[in-house]
Amino acid sequence: MEVTIDKNSGYCFGVEFAIQMAEDELAHEETLYCLGDIVHNRMEVERLHQRGLRIIDRQQLAELHDCKVLIRAHGEPPETYALALRNNLELIDASCPVVLKLQNRVKHAFDLSQRQDGQIVIYGQPGHAEVAGLAGQTGNRAIIVMTEADLDQIDFARPVTLFSQTTKSTAGFYKMKALIEARITAAGGALEGFDANDSICRQVSNREPQLAKFAALHDVIVFVSGRKSSNGKALFSIVQQFNARSYFVENENELEDEWFAGSQTVGICGATSTPLWLMQQVQARIEAVGELV
């Protein structure tokens, strides 16, 4: 049985940058705090915990003073930086450059919308770290939408500026854009007042067609990702469309031998938050199964 790892899967630049910054600090620090999971992958979080990375929440951050705290790739709202100044915290800022650029665009659009009685709408997962950072640029007045029902929060008679969480599905974004346009028309509003910004990271969106081709090439697909990964959920949905024998696992211990019965080729792929070493462990386990089948 041939088992292949997708060469396009694994860490995106932003996650790789954050992991490297954490490892560089831990090379000469016994402990480094990180605000939230450094990556939405439990296995990688556990590996870095063994090296001294300690995950904290916002309440714990407020209690820290005079120490170093890593800001992960997802970015943070302005109030996090204000708190760091008050508590004399040294921030190791690993915010993804793509996310930081988007935060600036959202802030600029919000300032403009204030003069035009407009609304900022973000297509993203409520409560997601990146979305919290984006909403923070608007004083948390942005409207967060994930489903068609969420659109009821919008006043379609007023200008609307739409952005997307960088790791959302491209198809999902354009579906939401079309739904908003239909609602504006139905409400008698002006489409000229609707500004839709496709702010999805191209490192993410470009993986979708590549992943579709990869999924179709193999008898079985094993998708490796943390269950909290928004990007993982989006990419796995693509895989399922092109290969009915697709399975989602966090690690090699979740594999079932019967998945591979009668198969000659198995493809392993993952999210932008999935480390290569984890996919390699899954590969080794599947190859061992193949020797027995």
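The values are calculated or read from the model by the stated rules, or taken from the named source; none is laboratory data. Predicted, not measured: the structure shown is a model, and the values here were computed from it. Positions of Cβ are generated from backbone atoms using ideal geometry, with glycine treated the same way; all protein chains shown enter the neighbour counts. Heads up: the accessible areas ignore ligands, DNA and RNA and are worked out on the full protein's heavy atoms, side chains in. Shrake-Rupley method; radii C 1.70, N 1.55, O 1.52, S 1.80 Å.
Side notes on the structure shown:
- Qualifying residue in the range 120-138 (condition: open to solvent by 10 Å² or more (accessible area, probe 1.4 Å), in contact with a strand residue (DSSP E or B) (Cβ under 6 Å, 6 or more places away or on another chain) and touching a residue at least 60 places away in the same chain (Cβ under 8 Å)): no
- Inside the range 169-213, residues that are among the basic types (Lys, Arg) and either assigned to a loop (DSSP other than H, G, I, E, B) or in contact with a strand residue (DSSP E or B) (Cβ under 7 Å, 6 or more places away or on another chain) (or both) make up a count of 1.
- Total residues in the range 155-176, condition farther than 21 Å from Pro209 by Cα and of a type in the set (Lys, Arg): 1
- Take the conditions (1) crowded, with 19+ Cβ neighbours inside 10 Å; (2) in contact (Cβ under 8 Å) with a residue 60 or more places away in the chain; (3) outside any helix (DSSP H, G or I); (4) under 22 Å from the mean Cα position of the chain (by Cα); His218 misses just one of them, which is (4).
- Residue count, the range 22-42 (criterion: among the aliphatic types (A, V, I, L, M), touching a Leu at 6+ places or on another chain (Cβ under 7 Å) and closer than 20 Å to Leu278 by Cβ): 3
- Listed conditions (1) touching a strand residue (DSSP E or B) at 6+ places or on another chain (Cβ under 9 Å); (2) of a type outside the set (S, T, N, Q); (3) modelled with pLDDT under 95 are all met by Leu151, apart from (3).
- Note on the range 102-119: among residues that are surrounded by 13 or more Cβ atoms within 10 Å (Cβ to Cβ) and among the charged types (D, E, K, R), the one that is farthest from the chain's Cα centre (by Cα) is Lys107.
- Among the candidates Glu63, Glu79, Glu46, residue that is open to solvent by 80 Å² or more (accessible area, probe 1.4 Å) and in contact with a helix residue (DSSP H, G or I) (Cβ under 9 Å, 6 or more places away or on another chain): Glu79
- Taken as a whole, the condition of being open to solvent by 40 Å² or more (accessible area, probe 1.4 Å), outside any helix (DSSP H, G or I) and either within 24 Å of Glu25 (Cβ to Cβ) or of a type in the set (D, E, K, R) (or both) applies to Arg141.
- Complete set of residues in the range 167-183 that are at pLDDT 95 or above and among the basic types (Lys, Arg): Lys175, Lys177, Arg183
- Residues located in the range 263-281, provided they are in contact (Cβ under 8 Å) with a residue 24 or more places away in the chain and over 24 Å from Ser169 (Cβ atoms): Ser263, Gln264, Thr265, Val266, Gln280, Gln281
- Subset tally (residues that are at pLDDT 95 or above and open to solvent by less than 20 Å² (accessible area, probe 1.4 Å)) for the range 1-17: 2
- Pick from the range 240-261, criterion free of Cβ contacts under 8 Å to residues at least 40 places away in the same chain and part of a loop (DSSP other than H, G, I, E, B), ranking: most open to solvent (accessible area, probe 1.4 Å): Ala244
- For the range 170-193, the count of residues that are open to solvent by 70 Å² or more (accessible area, probe 1.4 Å) and closer than 22 Å to Lys107 by Cβ is zero.
- Exactly one residue among Ala284, Ala288 is touching a residue at least 12 places away in the same chain (Cβ under 8 Å), part of a helix (DSSP H, G or I) and open to solvent by 40 Å² or more (accessible area, probe 1.4 Å), and that residue is Ala284.
- Residue pairs meeting the criteria (Cβ under 8 Å; at least 6 apart or on separate chains; first farther than 18 Å from Ile143 by Cα, in the range 184-196; second hydroxyl-bearing (Ser, Thr, Tyr)): Leu191/Thr185
- Taken together, the residues in the range 235-264 that are among the hydroxyl-bearing types (Ser, Thr, Tyr), more than 19 Å from the chain's Cα centre (by Cα) and closer than 20 Å to Gly10 by Cβ amount to 2.
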